[in-house]
Every structure is written in structure tokens, then in C-alpha cells.
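**Student:** Shown below is the structure under consideration.
The values are calculated or read from the model by the stated rules, or taken from the named source; none is laboratory data. Note that the structure is predicted; figures quoted are calculated from it, not measured. Quick reminder, even Gly has a Cβ in these numbers, built from the backbone with ideal geometry, and neighbours come from all protein chains shown. Just so you know, the surface numbers come from the protein's heavy atoms only, side chains and all, with ligands and any DNA or RNA stripped out. Shrake-Rupley method; radii C 1.70, N 1.55, O 1.52, S 1.80 Å.
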Amino acid sequence: MWCSADWQSSARAWRTSTSGSPASRTRARRARVRATPLPSGTYFLGLLAHCVLVSVVDVLLILGIGRVFGVPLAGPSHWPAIAVTLVLGAAGFCALGVGVASLIRNAEAAPAVVQFVLFPLVFVSGTYMPIHADALNRVADFLPVRPFNQALLGAFGGDGGFAWASLGVLAGWGVARALVAVRRFRWDPRPE
């Protein structure tokens, strides 16, 4: 069940930020928002909060459905690590999505780019099945998906503690992605 929660949380944040950003830019929604006194930092915080909230709701639905079918839930001592991991993962994947979205010229190309980038990341990170190639595992340890998987697995099924090394990699990726997203952010549509 943790794998479903992990996949849904990261994929939802990724798709929400990547697909919505080019669409709002193409349709000039951002130009209208820019005309208001809303600072761009507040816009980004709102986007991150939206991604995190939607991811948390998705995970709660998955856990609720799992409970209906008799899957035991993690005890209350696990909840802080689960919450921190989910929020950090969702915010990081949202920032990654905004960064990648800045490279997409129009809304029609967004779904293809999302799948082209996300599925190889998820596959190499061992989300679908274990990867037994040492070289791929070493690379995957520094990509964002595998540390998210490991941190969530430890929070759900392990001792319920924080996987600090994995959370550190997630936080590093999140900060780097947020800096790229802010640097490449455009209010106006790109010329075709």
C-alpha cells in the first residue's frame, strides 16, 4: 500500500504542476494574475500548497480504501515520518514539475513530456520492481524517486523513524528544483 501512496503522491504533484503550468501560460491566465499585486513568490507557495494538499488527499483515499479491504495502517508513532516524507516529496515533485514545465512550449506537449521524464525515473528507481543492476541502483540513489520510495517505506513499514539520508536527498532535489523553477518562470506565453 505504501507503494501506491508513494506513486500517487509523486505522480499527482508532478502531473498537476507540469500540465497546469504551460496551460495557464498559454491561455494567458498568468498575465491576468500578474496584473494583480500578487507577488510571484506567493504564486509559487500557492502552487506548492495545492500540490501538497491534493497529494495528501490522494494518499488518505488510498489508505482509506486499503483499510476497507483489511490492510493494517501504520501506528500513530509512524505518522510524523509519513507526513514529513509525503509533504517533502509532494513539494519537491511539484517544484520539479514547474521546472520542467518551463521548458515546455505549449499545453498540448505537456502530457507527453510528463510521461517521457517521469516513467523512466520511476522505473530506474525500482518503484515497479526491484532493479538488480548495481550501476543503476547507485544512480537511482541520487535521483528523487528512489529516496522518496525508501523514506516512505521506512515510515510505513520499518521502525517508523525518519530516513534522514533519503530525506536529505529529497530536500536537496527540492531546493535545486525550486531554484530552477523560480529562475525559469515566465508570466507571459512563449512565442511559438
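**Student:** Could you check, for the stretch 104-118, whether at least one of its residues is part of a helix (DSSP H, G or I), modelled with pLDDT of 80 or more and of a type in the set (S, T, N, Q)?
**Tutor:** No: the stretch 104-118 contains no residue that is part of a helix (DSSP H, G or I), modelled with pLDDT of 80 or more and of a type in the set (S, T, N, Q).
**Student:** Quick one: L136 ticks every box in (1) open to solvent by 70 Å² or more (accessible area, probe 1.4 Å); (2) part of a loop (DSSP other than H, G, I, E, B); (3) in contact with a helix residue (DSSP H, G or I) (Cβ under 7 Å, 6 or more places away or on another chain) bar one, so which box is it?
**Tutor:** With (1) open to solvent by 70 Å² or more (accessible area, probe 1.4 Å); (2) part of a loop (DSSP other than H, G, I, E, B); (3) in contact with a helix residue (DSSP H, G or I) (Cβ under 7 Å, 6 or more places away or on another chain) applied to L136, the lone miss is (2).
**Student:** How many residues does the stretch 154-168 contain that are at pLDDT 85 or above and open to solvent by 40 Å² or more (accessible area, probe 1.4 Å)?
**Tutor:** Qualifying residue count, the stretch 154-168: 4.
**Student:** Another question, then. May I ask you to verify whether L86 is hydrophobic (A, V, I, L, M, F, W, C) and surrounded by fewer than 18 Cβ atoms within 10 Å (Cβ to Cβ)?
**Tutor:** So L86 does not fit the description; no.
**Student:** Give me a count of the residues in the stretch 145-165 that are under 15 Å from F93 (Cβ atoms) and either among the β-branched types (V, I, T) or in contact (Cβ under 8 Å) with a residue 60 or more places away in the chain (or both). Give the steps one after another, and end with the answer.
**Tutor:** At the first step, the residues of the stretch 145-165 found to be under 15 Å from F93 (Cβ atoms) are 145-149, 151-152.
From what is left, the residues that are either among the β-branched types (V, I, T) or in contact (Cβ under 8 Å) with a residue 60 or more places away in the chain (or both) are 145, 148-149, 151-152.
Qualifying residue count, the stretch 145-165: 5.
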